[in-house]
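Input: a single structure, listed below in structure tokens.
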Amino acid sequence: MGESNIMSENSKYLEEILSLKNKIKDLKKLESKLEKSQESFKGLYEFNKTIINAIPFGMDIIDNEGNILFISQNLETLLGKKAIGKKCWELYKDNRQQCPSCILKKRIKIGTTNIVISNGCLGGKIFQITHTGLVYKDKKAILKVFEDITSSKNAEMALFESEETFRVAFESAGIGMGIAALDGSWLKVNSSFCKIVGYSQKELLFLGFQDVTHPKDLGSDVDYVERMLKGEIPYYVMQKRYIHKQGNIIWVFLNVSLVKKDNGEPLYFVFQIQNITKQHHTKERQDELNKELRKLNKVFKKLSLVDPNTGLYNYRYFVDVLEIELHRAIRYSQSLAVAMLDIDGFKALNDAYGNQFGDMLLRQLSYQIKKTLRRYDVVFRYGGDEFVIVSPGSTRLDVMHLMKRLFDNLSEYKFGNKDNIVSMKLTAAIVSYPEDKILKGVDFICIADKVIIKAKEDGGNKIYSSKELDNNKGLNNKIKTAENDIQIVKNKVCNLNNRSNQIIAEAILGFTKTVNVKDKDIGQNKDKIVKYSIKIAQFLGLSKKQIESVKLAAVLYDLGKIGIDKNILLKESTLTEKEFNKIKEHPVIAVDIIKLISSFNDIIPIVLHHHERWDGCGYPSGLKGKEIPIGARILGIADSFQALISARPYRKAYTEDDAIKIIKDDVGLKFDSKIAKVFVSVLAKVQ
């Protein structure tokens, strides 16, 4: 038993030893695994550390109070200061207090994530910060991963602003804008385009440009589109017509461009349109007005050559014809004869029976002269009671026979009317080339005038030629006498020319009244304005030529109102800005009419600028101060005064004293102070 027990006991010890050895062996294996685990953990730590430092701008871990528990090395290096233990708002934003929108207030749970955008961290940069709840060193904490998105956010904002700018510009543009597909259907249109064509955006997106384009313009539009798609042209512009939703025609100026991909493939069309309907209608109206003016100009041009009372050609045309016929006679060695007729005692007839009766006599005489003449003879009214007959190819003797026949006819004719019958006698002077020494047209007038004087001295009612002059020498009198005679004739010609201008001006104004009586003020008080203007010009010491120009301008300055709509001229309320702008056109229209009459060139600046102001705020050219022609300044103040003392539909007439006060108040603004002072003085004398 004893030995058996010992064996049993030893066996037991042996088993324990073996078990212990196995445990030691297991411990060694466990120790080896632990060492390997430690090495692995160390490697994992280094690996994680590398990853952490590789994160842009790094990461940190904070507790729920905002204390920095961990920070990546690269982030701490960037900050340049120790971070552990500091509050995150102190570290990143230099704030002494927690940020109002701090993520800590949301109490992020472990395992959950929250992303915020922070602006102003680390020198004003923008970060996307990912917050993840976790346990760090047995404490609840938050892992923050920083991502710098400053560049992308700025780019995104720039893109947004660019798109927003385009959207605002597109929608608020004053011109129509849009995008059209390659088939012509509209993809996008702005509100201005909708307003032009009368359709809503929704309606237009179901239509194409073909649906609203005028049929007459569609072909040209399509041709341009096809050429652009073929690459022949980069864009096109055209004037075309759209048909408004309500059916009326809209004129537009269209600009179309083609947008392509980088490889050149067409994408869509971009277009802009401007509504030019008003301008087009204005142009049409201007064309119509120009057509009317051309017709009037033809009439006025004819009037400038015709005496309005007798219907004969006037002195102006006589001078031109005489020079032409003399040149032809000299060149082709032909004869040319001129007869000047003067009515004997015509002034007495006028005084006895009145001007109207006298005008009737002139018309009757003109008819008798024309009836007697040959087809190649031309008769002119030379002056008040003088006529001239030009006979190409005729000699002195030929015209002498013609004058005798005329005198015989007149002796049998009863001049006057049923109430008064009078006889009319003429004195005739005949001058001819080459019998008389004629070098230029005025020589005919000089000799004829001397012959008329001689015939009148001999009692009148005679037909004389240069042969009847003393000593039968015609122009071969003493040089001094000839020069004096020529000067007398020149003065007479000058007076006749001035009278001719006045006749033309009055004829134009009279014709205007018969053609288109629109402004009831045209012609009214005209005499007063003419009188004021002449007196001012004389007081200022202007030359006779300048005074004559002022006088003619005062007769014609309102002529342009025939081109202004009657409803505007006769409107009884205050004019709108648009209507007043039309009124402003009348000086230009007047100039367009009278400029074809070459002898009226001197009055054009006066007529054109009589509404200019001394301060430069007048029209049509905005001239200032002495830039304004002196004649226009004179006419402007005379016209303004007469307008003030005349009643208007929208106001009563001012008294003369009030009108003078208004003019004085406007000195330096509307009027030249010197001319205003002269006008007030003149006004006191002519009333």
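Quick note: the coordinates plus some simple rules give every number you see, no bench work behind them. As the structure is a prediction and not an experimental result, all values here were calculated from the model. Note that each Cβ is placed from the backbone with ideal geometry, even for glycine, and that neighbours are counted across all protein chains shown.
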Worksheet item: Using a simple spin-label model with points 7 Å from Cα along the Cα→Cβ vector, what separation in nm is obtained for I175 and I110?
Response: 6.9 nm
Practice prompt. Set the Förster radius R0 to 30 Å, insert the Cβ-Cβ distance between T277 and S621 as r into 1/(1 + (r/R0)^6), and round the FRET efficiency to 0.05.
Written response: 0.55
Worksheet, complete the sentence: Summed over the other residues with a beta carbon less than 13 angstrom from that of L373, with K and R at +1 and D and E at -1, the charge totals +3
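Cβ neighbours within 10 Å, averaged per peptide: list 66-78, 423-435 in order, most packed at the top.
On the way: 66-78: 17.3, 423-435: 21.8.
Taking the mean over residues of other Cβ atoms within 10 Å, the ranking is 423-435, 66-78.
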Worksheet item: Based on the Cβ-Cβ distance of K295 and K230, what FRET efficiency does E = 1/(1 + (r/R0)^6) give at R0 = 45 Å, to the nearest 0.05?
Response: 0.40
Worksheet item: For Q97 and K566 in the same chain, what is the full-extension length gain: residue separation times 0.36 nm, less their Cα-Cα distance, in nm?
Response: 160.7 nm
Discussion item. As a quick test, which of the pairs K29/K140; K531/K677; K216/K245 have an alpha carbon distance above 28 angstrom in this structure?
Written reply: K29/K140
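Based on the Cβ-Cβ distance from L78 to T130, what FRET efficiency comes out when R0 is 22 Å, to the nearest 0.05? Please report the intermediate quantities before stating the final value.
Details: r = 18 Å, r/R0 = 0.83.
My answer for the efficiency is 0.75.
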Worksheet item: Using the Cα gyration tensor of region 55-153, with a ≥ b ≥ c the square roots of its eigenvalues, what is the shape: rounded (a/c below 1.5), prolate (a/b larger than b/c) or oblate (neither)?
Response: rounded
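Could you work out how much longer the chain between K595 and A647 gets when fully extended? Use 0.36 nm per residue separation minus the Cα distance between them, nm to one decimal.
Numbers: separation 52, 0.36 × 52 = 18.72 nm, distance 3.21 nm.
Going from the current span to full extension adds 15.5 nm.
Going down the table (K425/K456; K404/K454; K528/K551; K240/K578; K347/K414), which pairs top 21 Å between alpha carbons? Don't jump to the answer; show the numbers that get you there.
On the way: K425/K456 12 Å; K404/K454 18 Å; K528/K551 11 Å; K240/K578 26 Å; K347/K414 19 Å.
Too far apart for the 21 Å limit: K240/K578.
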Worksheet entry | Phi-based couplings in Hz for region 241-254 (Karplus 6.51, -1.76, 1.60; Gly and Pro marked x) | 10, 9, 9, 5, 3, 7, x, 7, 8, 10, 8, 9, 9, 10
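Once you charge only the Cβ atoms, +1 for Lys and Arg and -1 for Asp and Glu, what is the size of the charge dipole of region 561-687 about its Cα centre, to the nearest 20 debye? Can you show the working numbers first?
On the way: 20 positive and 17 negative charges, 23 e Å.
The dipole magnitude comes to about 120 debye.
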Worksheet item: So for the pair E265, V442, with labels modelled 7 Å out along Cα→Cβ, what separation do we get in nm?
Response: 8.7 nm
Worksheet item: When ranked by the protection proxy of mean other Cβ atoms within 10 Å per residue, highest first, what sequence do the peptides 136-148, 554-566 form?
Response: 554-566, 136-148
Item to complete: Enumerate the residues in region 658-687 having an amide nitrogen under 14 Å from the point lying 7 Å beyond the Cα of F539 toward its Cβ.
Response: 660-661, 663-664, 672-687
Fill in: Relative packing of peptides 267-274, 308-315, 634-641 - highest average C-beta neighbours within 10 Å first
634-641, 308-315, 267-274
